[in-house]
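Asks: Here it is, the structure in full.
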Amino acid sequence: MKPELFHFVRRYHEGKMSAERAENCTIYSSDGKAYLDAYAGVASVAVGHCNPEVNSAVIAQIGKIGHCSNIYESDIQRRYMQALSKELPENLSRYFFVNSGSEACDFACQTMRTRSGKPLIVAFSDGFHGGTYLSKSVTGLDMWKPAVFEDDRVIFAPTPNCRECPEGNFNSRLKRCIPGSSVCSGVCLVPAEEMVQRKQGQICGFILEPVLGVGGIITPQQGFFQRLGNIVEKHNLILTVDEVQTGFGRLGGKLFGFQKHELKPDIVCMAKGIANGFPMGLVVSDEKTSLAMSGKFNFSTFGGNPVSCSAAIATLEFIKKNSLIENAAATGEKLMASLSEKLSDIEKCIEIRGEGLMIGIETDSNETANTVMAGCFEKLLLIGIGGNKRNILRIEPPLLFSPDMADKAANIISEVFHSPIVCQT
Ligand code: PMP
């Protein structure tokens, strides 16, 4: 008799729901239920499930060429580079196509070390950069990094905690830091700068996320990144911005977090929303950085696969044409405002934070977060969980999430938080 088949690693919703088909912001399970998707395949389905424009582009591309590997020039890759270059600063002109966010961050770290000849990389203690050996080494979160991945060539700076900082302007009734009312002077960056000073001459660069996603939607206040940029410049470090989760309009305001927060990266890592869920990752850098890797063979068989590239072109076009960056900003703010009103009386809700459609609800414990996520699931709303203590609920829907959907999501979350199963435990 054949053995029963199991997945290699544990999944979150083991045995709960089998996704059969999907459309826009809804996933239909094989038992006929329709779930409002406020998690978008972990922040990846930027322009909605089975987006007809992405699908048409993919179908057309499959009929032309499905794979040829990176050993040949590829017309569709060139078209994507041309389209994306219009959105990027001019100096970011070198592209390396890969399959995933992990591969992108891994390559970025290799590049920082190779260009500088220096071993040490600085990362944030709650950052997440992937599942390959090197991207795991620069990941700070304990849960995602068993001891075997500890690497003494990586140093971790403390993650900013604006709620605990007077400059964060935390409003305890609304459970939010009120943006724009104060500018960060970078007090929490002092340990990072001291670290850089102590290890002077050995550090190649920083890798960071503009909003820490898996770490629990940690959103440093206005001014934080300018201060960090000053440290990078002063010590002549290389800056890698990991836009795997924040990219392609998720934060609202700009296509990328580094543009919104006025960072000047040498390297940018992209994946997730880049191709609406089709597997693709991309590293973009300036010429000087890329020259460090030229002549050294780097290869990714499936990197920038033509079908994924066709999805990426259609995704970018759709985002621009339908003003989804603006929608992420407006709908995200509406959702956060509504959540902070509705949850203001809930003791177990500690903070609501986020930018655009990357929203986190910090709860008092992993138990509360699990209970709320399960309650939402029962009420047919899909959300996620993050944070080192796994106590932060994550809301990261497709960027075309409508105001009505935001209302529906806020109502369900509020009902679950107010239900006896959460309130009385
Ligand atoms: N960087 C960040 C910021 C991420 O959120 C993730 C995935 N959650 C990764 C890298 C790794 O991406 P992937 O799962 O595509 O390898």
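What follows draws every value from the coordinates through simple rules; no lab data is involved. Everything numeric in this text was worked out from a predicted model, so none of it was measured. Glycine also receives a Cβ, built like all others from the backbone with ideal geometry; neighbour counts cover every protein chain displayed.
Asks: How long are the three semi-axes of the equivalent ellipsoid of the range 78-129, in whole Å, if each is the root of 5 times an eigenvalue of the C-alpha gyration tensor, listed from largest down?
Replies: 24, 14, 11
Asks: Between ASP404 and LYS86, how many nm apart are label points set 7 Å from Cα along the C-beta direction?
Replies: In this crude label model, ASP404 to LYS86 measures out at 3.2 nm.
Asks: Structure shown: which of LYS86/LYS389; LYS33/LYS175; LYS136/LYS264 lie over 28 Å apart, alpha-carbon to alpha-carbon?
Replies: LYS86/LYS389; LYS33/LYS175
Asks: Where Rh denotes the Kirkwood radius from the mean inverse Cα pair distance, what is Rg over Rh for the chain?
Replies: 0.96
Asks: Going toward the positive end of the dipole of the chain, with +1 on Lys and Arg Cβ and -1 on Asp and Glu Cβ, which of GLN221, SER93, PHE377 do you reach last?
Replies: Going by the charge dipole, the pick is SER93.
Asks: From the C-alpha gyration tensor of the range 255-303, pull out the three semi-axes of the equivalent ellipsoid (sqrt of 5λ each), sorted largest to smallest, in whole Å.
Replies: 21, 19, 4
Asks: Rg/Rh for the range 323-423 to two decimals, with Rh computed the Kirkwood way over all alpha-carbon pairs.
Replies: When Rh is taken as the Kirkwood radius, the ratio is 0.94.
Asks: Once fully extended, how much extra length lies between VAL42 and GLU164, figured as 0.36 nm per residue of separation less the alpha-carbon to alpha-carbon distance?
Replies: Computed gain between VAL42 and GLU164 is 41.1 nm.
Asks: Also, I was wondering about something else. Could you give the size of the charge dipole of the range 323-423 about its Cα centre, using +1 on the Cβ of each K and R and -1 on the Cβ of each D and E, expressed in debye and rounded to the nearest 20?
Replies: Here the range 323-423 has a charge dipole of around 240 debye.
Asks: Follow-up question, since we're still on this one. Could you compute the net charge surrounding ASP151? Neighbours are other residues with a C-beta less than 15 Å from the C-beta of ASP151; K and R count +1, D and E count -1.
Replies: +2
Asks: Sticking with this structure for a sec: How about the range 1-91: which chymotrypsin sites (Phe, Trp or Tyr not before Pro) there are in a DSSP loop, with at most 14 other Cβ atoms within 10 Å of their Cβ?
Replies: Answer by residue number: PHE6, PHE8, TYR12, TYR72.
Asks: So which residue, out of ALA40, ALA311, ALA57, gets the largest mean-square fluctuation from a GNM of the chain using Cα contacts under 10 Å as springs?
Replies: Highest fluctuation of the listed residues: ALA57.
Asks: What's the extension gain from ALA60 to LEU5 if we count 0.36 nm per residue and subtract their Cα-Cα distance?
Replies: 16.3 nm
Asks: Rounding to the nearest 20 debye, state how big the charge dipole of the chain is about its Cα centre with +1 on each Lys and Arg Cβ and -1 on each Asp and Glu Cβ.
Replies: Using only the charged Cβ atoms, the result is roughly 600 debye.
Asks: Can you show me the helix-derived [θ] at 222 nm for the chain, built from DSSP H runs with n ≥ 4 at -39,500 (n - 2.57) apiece and divided by the number of residues, rounded to the nearest 500.
Replies: It lands at -10000 deg cm²/dmol.
Asks: Report the calculated FRET efficiency for GLU73 and SER419 (r = Cβ-Cβ distance, R0 = 45 Å), to the nearest 0.05.
Replies: 0.20
Asks: Using the Kirkwood formula over every pair of different C-alpha atoms, what hydrodynamic radius in Å results for the range 1-56?
Replies: 13.1 Å is the Kirkwood radius here.
Asks: For the range 47-80, run through the trypsin sites (Lys or Arg not before Pro) and keep only the ones in DSSP coil with at most 13 other Cβ atoms within 10 Å of their Cβ.
Replies: When the trypsin sites (Lys or Arg not before Pro) of the range 47-80 are filtered for loop state and at most 13 Cβ neighbours within 10 Å, LYS64 remain.
Asks: I've got another one for you. In percent, what relative contact order does the chain have, based on Cα pairs under 8 Å that are 6 or more apart in sequence?
Replies: 23
Asks: When the chain is treated as a GNM, springs tying every alpha-carbon pair under 10 Å, which of ILE59, ILE392, ILE361 comes out with the largest mean-square fluctuation?
Replies: Sorting by GNM fluctuation, first place goes to ILE59.
Asks: Under a GNM of the chain (C-alpha, springs under 10 Å), which listed residue has the highest mean-square fluctuation: CYS184, CYS309, CYS25?
Replies: Among CYS184, CYS309, CYS25, the largest GNM mean-square fluctuation belongs to CYS184.
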